[in-house]
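Take a look at the structure set out below.
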Amino acid sequence: MRVLVIGAHGGVSRHFADFVKDSETVEEVAAIRNLDQAPFFEERGIESVYLDLTKHTQADIEKILTDNNIDSVIFSAGAGGSGDDIVMMVDLDGAIKSMQAAEAVGIKRFVIVSTFRTGREEIEKGALRVYTTAKTYADEWLKSRTNLDWTIVHPGILRDQPGSGKITTEPQAEIIDVARQNVAQTLLAVLENDNTIGKEFEVVDGDTDVTTAVQNL
């Protein structure tokens, strides 16, 4: 499997690169919007391609997918503190045109990293309203407007501490933190387990081995 990781230099995705470089079944192509980020991936034996979701069209993404023999996509991009217009361009339109590009070239597998909680209630709480709106409708588009083999991952509050390799997909209210390393390991397990197709789940730090937790979805 050759997976294009969109948003490859984000906090979770950098850890994904460290896991996937040792995988026997998954090979990454890293989509980066700053060419200065390429050495990080070169050091790990991972190819990289330039992709800026605010500039590239759906047709551009289609070309990247076909030129690099991609057969699956992880969308983990985020505007990350930019203005509301950039959030909508990246987290909503960027996600949707990536889905459309994948479908246009015959790719089926599409994994999206969302935010922890989405939906009408979360939007109307007002915190990070534009961001939550973008993530909500990107998720809904993936589920209802595509024929992709999708998985939606909702990480808890992301932390930089070392991952334990143990998670839960049924978080309790008092534990909603998750190590970025644990999310990255979860994404690799998602790609390696087809039982995750058509599944949407939350992930926080827990007591179950990542592979076991994903296989039990």
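The values are calculated or read from the model by the stated rules, or taken from the named source; none is laboratory data. Model, not experiment: these values are computed from the prediction. In this analysis, Cβ positions are derived from the backbone assuming ideal geometry, glycine residues included, and neighbour counts consider all displayed protein chains.
So which residues in region 145-164 are over 18 Å from Gln100 (Cβ atoms) and among the charged types (D, E, K, R), if there are any at all?
Listed by number, the residues that qualify are Arg159, Asp160.
Out of all the residues in region 34-50, is one or more part of a loop (DSSP other than H, G, I, E, B), within 16 Å of the chain's Cα centre (by Cα) and either surrounded by 21 or more Cβ atoms within 10 Å (Cβ to Cβ) or without any contact (Cβ under 8 Å) to a residue 24 or more places away in the chain (or both)? Working first, answer last.
First, pick out the residues of region 34-50 that are part of a loop (DSSP other than H, G, I, E, B): 34, 43-46.
Subsequent filtering for residues that are within 16 Å of the chain's Cα centre (by Cα) retains none.
No, region 34-50 contains no residue that is part of a loop (DSSP other than H, G, I, E, B), within 16 Å of the chain's Cα centre (by Cα) and either surrounded by 21 or more Cβ atoms within 10 Å (Cβ to Cβ) or without any contact (Cβ under 8 Å) to a residue 24 or more places away in the chain (or both).
For a quick check of your reading of the model, give me the residue pairs whose first member lies in region 125-148 and is without any contact (Cβ under 8 Å) to a residue 40 or more places away in the chain, whose second is of a type in the set (D, E, K, R), with beta-carbon atoms closer than 6 Å and at least 6 apart or on different chains.
Thr132/Glu122
The conditions are (1) farther than 20 Å from Glu28 by Cβ; (2) in contact (Cβ under 8 Å) with a residue 24 or more places away in the chain; (3) of a type in the set (Ser, Thr, Tyr); (4) in a helix (DSSP H, G or I), and Thr212 fails exactly one of them. Which is it?
Answer for Thr212: the failing condition is (2).
Touching a helix residue (DSSP H, G or I) at 6+ places or on another chain (Cβ under 8 Å), aliphatic (A, V, I, L, M), modelled with pLDDT of 95 or more and over 23 Å from Ala79 (Cβ atoms), is that true of Ile152?
On the way: touching a helix residue (DSSP H, G or I) at 6+ places or on another chain (Cβ under 8 Å): yes; aliphatic (A, V, I, L, M): yes; modelled with pLDDT of 95 or more: yes; over 23 Å from Ala79 (Cβ atoms): no.
The answer is no for Ile152.
Taking the residues in region 1-22 that are surrounded by fewer than 21 Cβ atoms within 10 Å (Cβ to Cβ) and out of contact with any Lys or Arg (no Cβ under 6 Å at 6 or more places or on another chain) as candidates, determine which candidate is farthest from Glu192 (Cα to Cα).
Applying the filter and picking the extreme gives Gly10.
Test each condition in (1) surrounded by 16 or more Cβ atoms within 10 Å (Cβ to Cβ); (2) modelled with pLDDT under 95; (3) of a type in the set (Asp, Glu) for Asp91 and report the one that comes out false.
Condition not satisfied by Asp91: (2).
Report yes if some residue within region 192-201 is of a type in the set (Gly, Ala, Ser) and surrounded by 17 or more Cβ atoms within 10 Å (Cβ to Cβ); otherwise report no.
No, because not a single residue in region 192-201 is of a type in the set (Gly, Ala, Ser) and surrounded by 17 or more Cβ atoms within 10 Å (Cβ to Cβ).
List the number of the failed condition for Gly119; all other conditions in (1) in contact (Cβ under 8 Å) with a residue 12 or more places away in the chain; (2) under 16 Å from the mean Cα position of the chain (by Cα) hold.
Status for Gly119: all satisfied but (2).
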